[in-house]
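Here is the structure we will look at.
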Amino acid sequence: MTSFDISGEQLAKDELVAAREGLDIELVQGDMKDLSCFEDERFELIFHPVSNVFCSDVRVVWRECHRVLAIGGRLLAGFTNPAYYLFDHDSLEAGEPLLVRNRLPYSEPADLPPTRLKQRLAEPQAFEFSHSLDDQIGGQIDAGFTIAGFYEDGWTDEASRLNPYMPIFIATLALKR
């Protein structure tokens, strides 16, 4: 098993859990857009959680996943419903009305108001990006995958004020044939 993440902090957490559970795990730090440290067709399964929200170009990720996945392998990918980013989440958390404020696809560096961008630059967390369904699903197909499964899921109503209106997350099962 390999855990690949850009965050050293996340990899340290993965190492703790692996030690606790007695798992043999390889920890690799890097950017999901560049899997060049892995040879072609190395993996049988890639579990890609909702991490591409931190990636500006998800199509590169799908191409890299296809390259390192073995023939017959599976890509389990989760991502945020693009419509989630129509709304200003600072306003949502403050209890303000649901108002469409952003265009899609959304990019925090490009779309935040200047004062909020300055605040975000000072925060220790990555910027977020939405991606069109064409880039999310079409990008997997264009990379050479066959979509074999599709699932929508939500949060609890307490976790997101948008949950009563739409599924927040989407997951695909893609096969490399």
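The values are calculated or read from the model by the stated rules, or taken from the named source; none is laboratory data. Remember, it's a predicted structure, so these values are computed and weren't measured experimentally. Heads up, the Cβs are rebuilt from the backbone with ideal geometry, glycines too, and the neighbour counts pull from every protein chain shown. For accessibility, only protein heavy atoms count, side chains too; no ligands or nucleic acids. Shrake-Rupley method; radii C 1.70, N 1.55, O 1.52, S 1.80 Å.
For the stretch 126-168, taking the reciprocal of the average inverse distance between every pair of different Cα atoms yields a Kirkwood hydrodynamic radius of 12.6 Å. Applying Stokes-Einstein at 10 °C and 1.306 mPa s to the Kirkwood radius of the stretch 50-114, computed over alpha-carbon pairs, gives a translational diffusion coefficient of 112 µm² s⁻¹. Here the scattering of the chain is modelled by Debye summation over its C-alpha atoms, one equal scatterer each and no solvent; at q = 0.10, 0.16, 0.19 Å⁻¹ the log10 of I(q)/I(0) is -0.45, -1.10, -1.35.
For the set Val28, Val100, Val50, the ranking by accessible area, highest first and with no ligand, DNA or RNA atoms included, is Val100, Val50, Val28 under a 1.4 Å probe.
Accessible surface for Asp40 stands near 100 Å², nearest 10, in the context of the full protein assembly shown (1.4 Å probe). Relative to a virtual label point 7 Å from the Cα of Glu39 in the Cα→beta-carbon direction, which members of the stretch 61-86 show backbone nitrogen distances below 15 Å? From the stretch 61-86, the list is 68-71.
Taking Cα centre as origin and charging only the Cβ of basic (Lys, Arg, +1) and acidic (Asp, Glu, -1) residues, the dipole magnitude of the chain rounds to 400 debye. A 1.4 Å probe over all protein chains sorts Lys13, Lys118 by accessible area into Lys118, Lys13, starting with the largest. Calculated [222 nm] ellipticity per residue, helices only, for the chain: -7000 deg cm²/dmol; basis is -39500 (n - 2.57) per DSSP H run with n ≥ 4, divided by all residues, nearest 500.
Based on every Cα atom in the stretch 1-60, Rg and the maximum pairwise Cα distance Dmax equal 12.3, 35 Å. Straight distance only, please: which aspartates and glutamates reach the Cα of Lys118 with their own Cα at less than 14 Å, same-chain residues fewer than 8 apart left out? Answer for Lys118, where 14 Å is the Cα cut-off: Glu108, listed by chain and number. Counted residue by residue at 0.36 nm each, then reduced by the alpha carbon distance between them, the extension gain from Asp153 to Ala12 reaches 47.9 nm. Using the Cβ-Cβ distance between Thr2 and Asp134 with R0 set to 30 Å, the FRET efficiency works out to roughly 0.55.
Accessible area per residue for the chain is 58 Å², calculated with a 1.4 Å probe on protein heavy atoms, without ligands, DNA or RNA.
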